[in-house]
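*Asks:* My structure is below; once you've seen it, I'll send some questions.
The values are calculated or read from the model by the stated rules, or taken from the named source; none is laboratory data. Given the structure is predicted, the values throughout are model-derived calculations rather than measurements. Using ideal geometry, Cβ is built from the backbone for each residue, glycine included, and neighbour counts are taken over all protein chains shown. Surface areas here come from the heavy atoms of the whole protein model, side chains and all, with no ligands, DNA or RNA. Shrake-Rupley method; radii C 1.70, N 1.55, O 1.52, S 1.80 Å.
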Amino acid sequence: MKYDPLDHIAAHFLRDTQAVRVASRNERDLLRLIWKSPGIERSDLTEPLDLTQQSLHRIVARLHERGMIVFSTSETRRPGPPSPGLTLCRDWCLTLGIAVNVGSIGLCLMGFGEPLDHMEIPQEGSSLAAEMERIEAAVEELLARRGAERRGVLGIGLAVSGHHMLDTAFNCPLPLAHWSLIDLAPLLGEQLGLPVWADNVARTAALAEAIFGVGRDVADFAYIAHLHGYGGGLVSGGMPFRGSFGNAGEYSVLFGREEYEDRPALSLLLQHLHAKGRSNLTLRDLKSENLVDWDGVAEWVDRVAPAHNKAINAICAVFDPALIVLGGELPHSLARMLIERTEFNNLPRHGVLRDVPSLAVAQIIDAPGAIGAALIPLIETVL
C-alpha cells in the first residue's frame, strides 16, 4: 500500500478525521494570506478571499478557537468598529526539515511558518539505519533546546540530494548510495513516529529562497543549487514547479558525458583544488568566503563559465523567469565571480534586445534545503 503522510498526522492537528484534513480550502487560503502579511486586518481579507463578511468572521473565529491564529489590536484609524489584526500563532505546531547532502545532514525546526532553530551533523558511513538513528538523536536535541516534544510536530520534510524516482525514492550521488532507490518516507516516518514528505534538496532550497529570501517578491524565478552536484529548482507563481516526474530543475541533464566534468559542481571544484595541493579540503571548507583568493579558483571559474552560461541561457529560453538565483552552498564571493562571467545569448532584432532575468546571490545560506523541507508539511496541509 502506498505511503500517505496524511494518514499519520496526529489527531489533535486535524480539523476533521473523516476527510483527514488539517484545514479546509477556504481556511488554507486565509492562513496563507495571514502568513504572507502578518498583522493583516480581518476586514482586509474579505475581497481577496471572495467571502462574505459572515463567512470570513466564522472561519476566523474557528481558527482562533483552534489556536492557529492570534488577534492583535489594529493601529489603523478608520471609521466604524475596529477590525483585529491577525497573525499565525507560532506555537500552534512545529515542523522539522531534514536535508541530506553529501558530507552533511542539515536540520531545521520551524514553528508555524517561522524558522526557530537549525543544526548540522556530518553525513558519514554507509549504513542507512545508522544515519537514521543519528538523525533521530539530532531531532531530539533540537526539540530539547526548545523545550518541545514530538507530539507538537505536525510533520517532517525530508530533502535528499539526487534524482527523484518512484514514490519517495531518489537516485543519489555515489557518496549517498546507501540512501538511493529506497522508499525513504515510510522508513523515516517509522523511525520518528511522524508523517514524512520527501523532495529533492535543491527544490526545497528554492522554496526557502521563495519564502524567506530574494525570491519572496518574485512570482517566477529559477534557483541554481551549487552543491556536491549541480541542480536547482523552478519557482512558478511563488511555489516550486516539480514537473511530471519530480525532476524539474535538474540542470545537469543539459550536459553530455564530454561536458560533465566542466559543470559548476562543488565536488569538481574540490577535486581541482586537491590537485592544486589542498588535499585536506572538504566540501564544508568551500563555504569560506576567502576561497576566491586561493590558487586555482579563478582558473576553475573560467573553465566552468561556458557550462554556467549554457545553463543560464537554457533557463531563459525554456522558463523565461524574472530572476535567476545562485545558491546551494556557493559562497557569495564565488557566486559573484560567476555572475560577472555571465553572457546572455541576446542578439538584437530590429536594433532591440529582449528582456533578460536579473541575477542574484541567494540570501538563505545556512541550511536552505532544511528550511525549505520544514515548509513542506505546512504547504501540504495548511498553507
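*Asks:* Report those strands (runs of 3 or more DSSP E) wholly inside region 148-253 carrying at least 3 residues which are of a type in the set (Val, Ile, Thr). Break it down into steps so the answer makes sense when it comes.
*Replies:* On the way: elements: 153-160, 196-200, 221-226, 230-236, 239-241.
In region 148-253, 153-160 are the strands (runs of 3 or more DSSP E) which contain 3 or more residues that are of a type in the set (Val, Ile, Thr).
For (1) closer than 30 Å to Asn26 by Cβ; (2) in contact (Cβ under 8 Å) with a residue 60 or more places away in the chain; (3) surrounded by fewer than 15 Cβ atoms within 10 Å (Cβ to Cβ); (4) of a type in the set (A, V, I, L, M), each residue gets a yes or a no:
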site: Gly328; (1), (2), (3), (4): no, yes, no, no
site: Ser333; (1), (2), (3), (4): no, no, no, no
site: Asn346; (1), (2), (3), (4): no, no, yes, no
site: Asp355; (1), (2), (3), (4): no, no, yes, no
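*Asks:* Here's a follow-up. So in region 15-26, with the set limited to residues that are closer than 17 Å to Ile379 by Cβ and either at pLDDT 95 or above or not in a strand (DSSP E or B) (or both), which one is most open to solvent (accessible area, probe 1.4 Å)?
*Replies:* Narrowing region 15-26 to residues closer than 17 Å to Ile379 by Cβ: 15, 20-26.
Narrowing the set further to residues that are either at pLDDT 95 or above or not in a strand (DSSP E or B) (or both) leaves 15, 20, 22-26.
Working: Arg15: 73, Val20: 45, Val22: 5, Ala23: 6, Ser24: 18, Arg25: 124, Asn26: 70 Å².
Ranking the qualifying residues of region 15-26, first place goes to Arg25.
*Asks:* Still on this model: Do we find a residue being β-branched (Val, Ile, Thr), part of a strand (DSSP E or B) and either open to solvent by 30 Å² or more (accessible area, probe 1.4 Å) or touching a residue at least 12 places away in the same chain (Cβ under 8 Å) (or both) anywhere in region 27-43?
*Replies:* First, pick out the residues of region 27-43 that are β-branched (Val, Ile, Thr): 34, 40.
Now drop any that are not part of a strand (DSSP E or B), which leaves 40.
Among the residues that remain, those that are also either open to solvent by 30 Å² or more (accessible area, probe 1.4 Å) or touching a residue at least 12 places away in the same chain (Cβ under 8 Å) (or both) are: 40.
Yes, there is a match, as at least one residue in region 27-43 is β-branched (Val, Ile, Thr), part of a strand (DSSP E or B) and either open to solvent by 30 Å² or more (accessible area, probe 1.4 Å) or touching a residue at least 12 places away in the same chain (Cβ under 8 Å) (or both).
*Asks:* Can you list residue pairs whose Cβ atoms sit under 7 Å apart, with the first residue in region 121-147 being small (Gly, Ala, Ser) and the second being part of a helix (DSSP H, G or I)? Count only pairs 6 or more apart in sequence or on different chains.
*Replies:* Partner pairs satisfying both residue conditions: Gly125/Glu131; Ser126/His178; Ser127/His178.
*Asks:* So, in region 265-293, of the ones that are crowded, with 16+ Cβ neighbours inside 10 Å and assigned to a loop (DSSP other than H, G, I, E, B), which residue ends up modelled with the lowest pLDDT?
*Replies:* Residue satisfying both the conditions and the ranking: Leu283.
*Asks:* Restricting region 74-111 to residues that are out of contact with any Gly (no Cβ under 9 Å at 6 or more places or on another chain) and more than 20 Å from Ala137 (Cα to Cα), which is modelled with the lowest pLDDT? Full working, then the answer.
*Replies:* Step one: of region 74-111, the residues out of contact with any Gly (no Cβ under 9 Å at 6 or more places or on another chain) are 77-84, 103-105, 111.
After this cut, where a residue has to be more than 20 Å from Ala137 (Cα to Cα) as well, the list is 77-84.
Working: Arg77: 55, Arg78: 58, Pro79: 58, Gly80: 59, Pro81: 63, Pro82: 68, Ser83: 80, Pro84: 86.
Only one residue fits best here, namely Arg77.
*Asks:* Tell me which residues, restricted to region 190-211, are in contact (Cβ under 8 Å) with a residue 60 or more places away in the chain, over 15 Å from the mean Cα position of the chain (by Cα) and open to solvent by 10 Å² or more (accessible area, probe 1.4 Å).
*Replies:* Result: Leu194, single match.
*Asks:* Applying the selection to region 302-358, what residues are in a loop (DSSP other than H, G, I, E, B), charged (D, E, K, R) and over 22 Å from the mean Cα position of the chain (by Cα)?
*Replies:* Filtering region 302-358 down to residues in a loop (DSSP other than H, G, I, E, B) leaves 319-322, 329-331, 341-348, 350-351, 353-357.
From the residues that got through so far, the ones that are charged (D, E, K, R) too are 320, 329, 341, 343, 354-355.
Arg341, Glu343, Arg354, Asp355 - these are the residues of region 302-358 that are in a loop (DSSP other than H, G, I, E, B), charged (D, E, K, R) and over 22 Å from the mean Cα position of the chain (by Cα).
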